[in-house]
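Below is one structure, written out as structure tokens; the observations come after it.
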Amino acid sequence: MCSLLVALVLAVSQAADIDVNLKSGGLDRYARLHWPSSALGGKIPLVVNLHALACNPVEQQLLTDFNTLGDKEGFAVVYPEGYDIAQAISIPGLGPLPWGVPGGRSWNAGACCAHGSTNDRDDVQFIRDLMAKLLTEHGIDATRVYATGMSNGGFFTNRLACEARELFAAVAPVSGNLANNSSPYFGGGDAYPCPQFNPPLPVLYFNGDFDPFLIWNGNPLFGFPSIPQYTKTLLRLNGLNPDDAGTVSYKHSNVECLSHGPHDSNVTICRIGGGGHSWPGAHNPAMCLLQEWTPGVFCSMHIDATAQIWDFFKQYSLKQVETLQV
């Protein structure tokens, strides 16, 4: 998928883009911050947008086009970069190959993905350190910080929900669920506990039911739970009945979203019928159309994930902000 993105890179305006460099865990880490042209003063919301396996911040920016929406709606977007090189190929009994995709990075999100997970990289601490820096140096409203991500970035969004709950008012992973166990395929991974969300954390999730990696009924080889099981887990973590059937909150063509629970603890799951491993609607229509018939990707134009995510996020803010644990 990222090779398709690279082929479409045109001139990207640097006017509102800021390179963020910092030390975390003794390592040099990097993120790309987009400050909206519409910011007129006062503190503004921030969306943390996490790239997929073997991708990078620029590719995530192009895939989701949150910058355009941020300029319109007045929120900032930060694109952190994973540290460890990405490796999606693993040999049974030997684990992931030692090299990886040039320029492509990974996140330690539990069962996904090498080499971030197999190196036990403390990416959660990196995000804590990044948030501390951004909140100190920029006019960001700490009560309106949100997280989203694609694939490995989606898995990592779930890990942040579990291990850095106090940072975020809501999260919206895409094609990457809560895989906090080990992975037979990815050389074991880095299992972690996920305590009940306190307070409850609103979650919006997208998954295609033809995704070859996030298989709807589960992928035990990769250590990825089924989407029904993931839904039950989210409901339990938010103190809701795990058997709640939900109500339809969005339906268009092959896309149906089910909303569970009241506003403050809402869990909404969007199922893309026939959809694959993709960012639905890929806010850039040409991008989604290019992927629409790509085997395993099958991007759907019947819902705009970027727009829906922001519509979800802007309903929420933290009622109080604890001192950042850095």
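Peptide packing for 267-277, 152-162, 38-48, 242-252 was compared via the average number of neighbouring C-beta atoms within 10 Å per residue; ordered from the highest value, the list is 152-162, 267-277, 38-48, 242-252. Evaluated with a Cβ-only charge set (Lys, Arg +1; Asp, Glu -1), the range 28-177 carries a dipole of roughly 140 debye about its Cα centre, given to the nearest 20.
Taking a sphere under 15 Å around the Cβ of residue 95 and counting the other residues whose Cβ falls inside, with K and R at +1 and D and E at -1, yields a net charge of -3. Phi angles of the range 80-88 translate, via the Karplus equation with coefficients 6.51, -1.76, 1.60 and θ = phi - 60°, into HN-Hα couplings of x, 10, x, 9, 7, 4, 7, 9, 8 Hz per residue; Gly and Pro are given as x. Look at (1) 35, 61, 4; (2) 30, 57, 12, 0; (3) 26, 52, 20, 1: the one that is P(r) over Cα pairs in 20 Å bins from 0, in percent derived from this structure is (1). The 3J(HN,Hα) values that the Karplus relation (6.51, -1.76, 1.60; θ = phi - 60°) gives for the range 190-198 are, in residue order, 9, 5, 8, x, 10, x, 4, 5, 9 Hz. Gly and Pro appear as x. For residue 179, the residues whose amide H sits under 5 Å from its own are 111, ignoring neighbours fewer than 5 places away on the same chain, with H placed 1.01 Å from N.
Expressed in Å, the radius of gyration and Dmax of the Cα atoms of the range 10-77 are 12.8, 37.
Within a straight-line Cα-Cα reach of under 15 Å, residue 72 can be paired with the following aspartates and glutamates, leaving aside sequence neighbours fewer than 8 residues apart in one chain: 311. Overall, the range 132-209 carries a charge dipole of about 40 debye about its Cα centre when +1 sits on the Cβ of Lys and Arg and -1 on the Cβ of Asp and Glu, all other atoms neutral.
By the count of neighbouring beta-carbon atoms within 10 Å, fewest first, 107, 35, 279, 99 end up ordered 99, 35, 279, 107.
Within a Cβ distance under 12 Å of residue 259, other residues only, what is the Lys/Arg minus Asp/Glu net charge?
Working: positive: 251; negative: 244, 256.
Charge balance near residue 259 sits at -1.
Between the amide H of residue 219 and those of 224, 226, distances stay under 5 Å, these residues lying 5 or more places away or on another chain, with hydrogens modeled in the peptide plane. The residue among 52, 64, 37 whose Cα reaches farthest toward the positive pole of the charge dipole of the range 29-110, with charges on the beta-carbon of Lys, Arg, Asp and Glu, is 37. Measuring from centroid to centroid over Cα atoms, what is the spacing of the range 32-65 and the range 182-228 in Å? Answer, in whole Å: 24.
The shape of the range 107-186 can be summarised by an equivalent ellipsoid whose semi-axes, obtained from the alpha carbon gyration tensor, come to 24, 13, 9 Å from longest to shortest. Amide H to amide H, with H built 1.01 Å from N, residue 55 comes under 5 Å of 105, counting only residues 5 or more places away or on other chains.
3J(HN,Hα) along the range 67-77, derived from phi through the Karplus expression 6.51 cos²θ - 1.76 cosθ + 1.60 where θ = phi - 60°, amounts to 4, 4, 5, x, 4, 6, 9, x, 10, 8, 10 Hz, with x in place of Gly and Pro.
If you place +1 on the Cβ of every Lys and Arg, -1 on the Cβ of every Asp and Glu, and leave all else neutral, what size is the dipole of the chain about its Cα centre, to the nearest 20 Debye? If you can, show how the numbers build up before the last one.
Numbers: 18 positive and 28 negative charges, 50 e Å.
Charge dipole, the chain, about its Cα centre: 240 debye, nearest 20.
The residues packed around residue 207, meaning those with a beta-carbon under 14 Å from its beta-carbon, carry a net charge of -2 if Lys and Arg are +1 and Asp and Glu are -1.
For the peptides 165-171, 54-60, the ranking by mean Cβ contacts within 10 Å, running from highest to lowest, is 54-60, 165-171.
In percent, how large is the relative contact order of the range 122-214, given Cα pairs closer than 8 Å and 6 or more residues apart?
Values: 127 pairs, mean separation 23.3, N = 93.
Here the relative contact order equals 25 percent.
The value of relative contact order for the chain, using C-alpha pairs under 8 Å at least six residues apart, is 15 percent.
Which length gain, in nm to one decimal place, applies between residue 198 and residue 241 when the Cα-Cα distance is subtracted from 0.36 nm times their residue separation?
Computed gain between residue 198 and residue 241 is 13.9 nm.
No lab work stands behind these numbers, since they all come straight from the coordinates. Please read these numbers as outputs of a predicted model, since none were measured by experiment. FYI the Cβ positions are ideal-geometry reconstructions off the backbone, even for glycines, and counts take in every protein chain you see.
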